[in-house]
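What follows is a single structure, written as structure tokens, with notes after it.
The values are calculated or read from the model by the stated rules, or taken from the named source; none is laboratory data. It should be emphasised that the depicted structure is a prediction, and the values quoted were computed from it without experimental measurement. So basically every Cβ, Gly included, is an ideal-geometry build from the backbone, and we count neighbours across all protein chains shown.
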Amino acid sequence: MSEDLGVNPLEDTESEAAQAYAEERRENIRTFVRTSPDYYIRNFDKIGASARFTATFNAMTGLFGPIWFGARGLWSWALAFLVVEAIGFVQIARGLFGDLGADALARVTSIEGTLDLRYQQLAAAQESGSDRAAAIQRQIEGLEANIEGFRAEAELLAAQGPSIALTGLIILLVAKLIQAVAANWALEARFSDWLSDRTIRSGMPVSQIVFSAGFMILLVATAMVHYSFPGRFSFLSEFPTDNSIRLASIDSVEAFIVWCVANSVSFFDGLTAAIRWLLDAMEVALVQTPWIVVAALIILLTWLTAGLRMAIWSGAFLAYMGLLGFWEKAMTTLALLGTAALLSIVIGIPLGMFSARRPRFYAVIQPIMDFMQTMPAFVFMVPVIAFFGVGKPAAVIVTMIFGGTPVVRLTVLGLRGVPESVREAAISFGANKWYLLTKVDLPLASPSIRAGINQTIMLSLAMVVVASLIGAKGLGEDVLEALQYANVGQGILAGFAILFCAMILDRIVQGQRK
């Protein structure tokens with residue numbers, strides 16, 4: 001009967017589903033915004049109807065600006081617009097109330113003090129009939145001219161007050177207009193995130209309004225006072241500090257280092273001896289071995305891992321080092337780098353394997369690795385010298401600290417990236433832990449582990465010049481000497497030699513396998 005009347009039951013069902021969805025969306029918007037729900041329902045529907053940016057106008061946002069964004073939880077927007085509005089408010093305050101010529105007048109006061117002294121010297125010279133009277137008179141004339149110049153500058157700056165205030169007003173109005181236009185679009189995007197994650201804060205809690213308003217008004221007011229009245233409030237420009245705290249901290253650190261060195265001499269002597277033994281072995285293999293043998297082995301290894309084309313390039317790079325006299329220093333660099341990289345890899349891969357399945361342990365060592373990677377090399381070079389002295393073992397330790405973390409991180413990343421379904425399948429077929437590690441985990445994680453080895457080698461090579469500061473020989477010494485004596489040619493040629501060493505090692509480690 002319904003077909004005879006031209007009514008399609010499927011269309012009725014779809015219409016009811018659409019109405020139910022629309023009603024549910026409106027209820028969600030009401031729950032999310034809590035204030036002015038009808039306004040936001042209209043604007044959210046308008047914004048959601050188009051995939052492009054849809055401009056709307058939110059008067060409350062235009063009025064309160066970053067405070068509205070902060071109260072809504074849109075802090076990335078709030079902080080960005082806070083900076084812009086602060087610039088506008090500062091310019092307005094400087095133009096209307098600021099002492100724009102304060103710096104110039106301060107210079108005038110300083111010159112006037114000097115001028116009084118010169119007047120006294122001139123009077124004494126004239127009274128004694130000294131020949132310096134004419135020179136002092138010329139100095140006085142120059143100081144008086146400077147005073148007039150600074151006074152004119154102060155007057156000019158003071159006259160610019162209205163234009164500065166007008167510029168700040170324009171900046172402020174433009175910022176508020178942009179905020180009013182973009183506010184609903186940003187809030188609609190947050191609403192979409194809230195639909196899938198209800199832990200996102202919704203509404204405008206009073207506590208958030210108070211915090212946002214207090215935080216932003218305090219920052220803007222402080223900036224306005226500081227820039228409008230420079231030097232008036234010293235605590236705004238100078239952090240209140242006490243030199244005794246700094247001196248006491250220095251003494252405490254030095255006392256701790258001295259205690260550590262005195263109580264661990266045998267440990268660090270043994271570690272230094274082990275590093276020196278490994279380094280001597282590497283230098284025997286690379287430096288004292290005939291260059292033909294070393295070059296042939298490097299080219300053959302490059303051919304086996306990266307192909308014939310890269311082997312030809314490796315031969316050309318080695319020829320460059322030999323013809324320009326960098327061969328011995330390049331091999332010394334490779335020996336130092338090889339020692340540091342080998343120790344980093346031998347320590348890093350097992351440490352990464354141990355950390356991959358132990359999140360708590362990795363959470364402990366991760367901040368340590370962050371510290372090792374972010375701290376400037378010249379900073380941790382100081383305690384290394386205290387414990388190991390200067391020379392190649394200290395350079396190896398510095399290189400390991402700087403370049404040893406990527407192999408740990410990427411080993412953990414690779415092992416954690418092994419699909420659990422593959423591991424479960426191997427376990428279901430009776431694989432023990434050793435078989436699971438050697439036949440499943442490590443083969444699947446090998447691209448990431450190789451990338452970690454590559455990054456460790458590259459970062460270690462980047463320390464060549466820095467390590468030369470504490471007695472490491474090699475190509476870094478040539479670059480350092482070029483920096484000291486402004487020898488551009490030597491620095492560039494030695495830099496290319498370091499680059500070619502890096503390219504050869506990169507191709508050997510990475511190879512051509514995908």
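Listed by position, the helices (runs of 4 or more DSSP H) inside region 400-472 whose residues that are of a type in the set (Asp, Glu), in the same structural domain as residue 335 (by TED's automatic domain parsing) and without any contact (Cβ under 8 Å) to a residue 24 or more places away in the chain number at least 1 are 420-428. Among the residues of region 473-493, just one is over 18 Å from residue 378 (Cα atoms), touching a residue at least 24 places away in the same chain (Cβ under 8 Å) and under 29 Å from the mean Cα position of the chain (by Cα), namely 475.
Hey, among 383, 393, which residue is of a type outside the set (Val, Ile, Thr), touching a Ser or Thr at 6+ places or on another chain (Cβ under 7 Å) and either outside any helix (DSSP H, G or I) or over 28 Å from residue 443 (Cα atoms) (or both)? Quick ask: steps written out before the conclusion?
On the way: 383 fails: touching a Ser or Thr at 6+ places or on another chain (Cβ under 7 Å).
It is 393.
Residues that are over 30 Å from residue 87 (Cβ atoms) and small (Gly, Ala, Ser): which helices (runs of 4 or more DSSP H) entirely in region 167-275 hold 3 or more of them? Explain how you work it out, then say what you get.
Numbers: elements: 206-228, 234-237, 243-263.
Because the criterion is at least 3 residues that are over 30 Å from residue 87 (Cβ atoms) and small (Gly, Ala, Ser), the helices (runs of 4 or more DSSP H) in region 167-275 that meet it are 243-263.
Check residue 394 against each of (1) farther than 22 Å from residue 468 by Cβ; (2) surrounded by fewer than 23 Cβ atoms within 10 Å (Cβ to Cβ) and name the one condition it does not meet. Here residue 394 meets the rest and fails (1). Contact annotation: residue pairs with Cβ atoms under 8 Å, 6 or more positions apart or on different chains, pairing a residue in region 264-287 that is basic (Lys, Arg) with a partner that is surrounded by 18 or more Cβ atoms within 10 Å (Cβ to Cβ), are 276/392; 276/393. Can you pull out every residue in region 304-348 that is over 25 Å from residue 492 (Cβ atoms) and of a type in the set (Val, Ile, Thr)? Of everything in region 304-348, those that are over 25 Å from residue 492 (Cβ atoms) and of a type in the set (Val, Ile, Thr) turn out to be 305, 339, 345, 346, 347. Give me the pairs: first residue in region 316-337 and closer than 21 Å to residue 404 by Cα and touching a residue at least 60 places away in the same chain (Cβ under 8 Å), second residue outside any helix (DSSP H, G or I) and hydrophobic (A, V, I, L, M, F, W, C), beta-carbon distance under 6 Å, and six or more apart or on different chains, which are they? Listed by first residue and then by second, the contacts come to 336/472.
Here is a list: 240, 162. Which entry is in contact with a helix residue (DSSP H, G or I) (Cβ under 8 Å, 6 or more places away or on another chain) and either among the acidic types (Asp, Glu) or loosely packed, with under 12 Cβ neighbours inside 10 Å (or both)?
Numbers: 240 fails: in contact with a helix residue (DSSP H, G or I) (Cβ under 8 Å, 6 or more places away or on another chain).
Result: 162 is the single residue among 240, 162 that is in contact with a helix residue (DSSP H, G or I) (Cβ under 8 Å, 6 or more places away or on another chain) and either among the acidic types (Asp, Glu) or loosely packed, with under 12 Cβ neighbours inside 10 Å (or both).
Considering only residues of region 186-203 that are more than 29 Å from the chain's Cα centre (by Cα) and within 18 Å of residue 79 (Cβ to Cβ), which is surrounded by the fewest Cβ atoms within 10 Å (Cβ to Cβ)?
At the first step, the residues of region 186-203 found to be more than 29 Å from the chain's Cα centre (by Cα) are 187-188, 191-192, 194-199, 201-203.
Going one step further and asking which of them are within 18 Å of residue 79 (Cβ to Cβ), we end up with 187, 201.
Values: 187: 26, 201: 13.
For region 186-203, the residue satisfying everything is 201.
Looking at region 485-502, can you tell me whether even one residue there is crowded, with 22+ Cβ neighbours inside 10 Å and farther than 23 Å from residue 405 by Cβ? Yes, there is a match, as at least one residue in region 485-502 is crowded, with 22+ Cβ neighbours inside 10 Å and farther than 23 Å from residue 405 by Cβ. Put simply, of 389, 404, 352, 348 the only residue that is of a type in the set (Gly, Ala, Ser) and surrounded by fewer than 15 Cβ atoms within 10 Å (Cβ to Cβ) is 389. Just one of the listed residues (147, 209) is modelled with pLDDT under 75, surrounded by 12 or more Cβ atoms within 10 Å (Cβ to Cβ) and among the hydrophobic types (A, V, I, L, M, F, W, C), namely 147.
Being surrounded by 17 or more Cβ atoms within 10 Å (Cβ to Cβ) and touching a Cys at 6+ places or on another chain (Cβ under 7 Å) is a property that does not hold for residue 295. Of the candidates 451, 502, the single residue that is touching a Gly at 6+ places or on another chain (Cβ under 9 Å) and among the small types (Gly, Ala, Ser) is 451. Residue 458 meets the conditions (1) buried (at least 19 other Cβ atoms within 10 Å of the Cβ); (2) closer than 30 Å to residue 494 by Cα in every case but one. The failed one is (1). For region 351-368, the condition of being of a type outside the set (A, V, I, L, M, F, W, C), over 32 Å from the mean Cα position of the chain (by Cα) and either on the phi < 0 side of the Ramachandran plot or modelled with pLDDT of 85 or more (or both) holds for none of the residues.
Might you let me know whether region 439-448 holds any residue that is within 19 Å of residue 506 (Cβ to Cβ) and either surrounded by 16 or more Cβ atoms within 10 Å (Cβ to Cβ) or in contact with a Leu (Cβ under 8 Å, 6 or more places away or on another chain) (or both)? Explain how you work it out, then say what you get.
If we filter region 439-448 for residues that are within 19 Å of residue 506 (Cβ to Cβ), which is where we start, we get 446-448.
Among the residues that remain, those that are also either surrounded by 16 or more Cβ atoms within 10 Å (Cβ to Cβ) or in contact with a Leu (Cβ under 8 Å, 6 or more places away or on another chain) (or both) are: 448.
Yes; the residues of region 439-448 include at least one that is within 19 Å of residue 506 (Cβ to Cβ) and either surrounded by 16 or more Cβ atoms within 10 Å (Cβ to Cβ) or in contact with a Leu (Cβ under 8 Å, 6 or more places away or on another chain) (or both).
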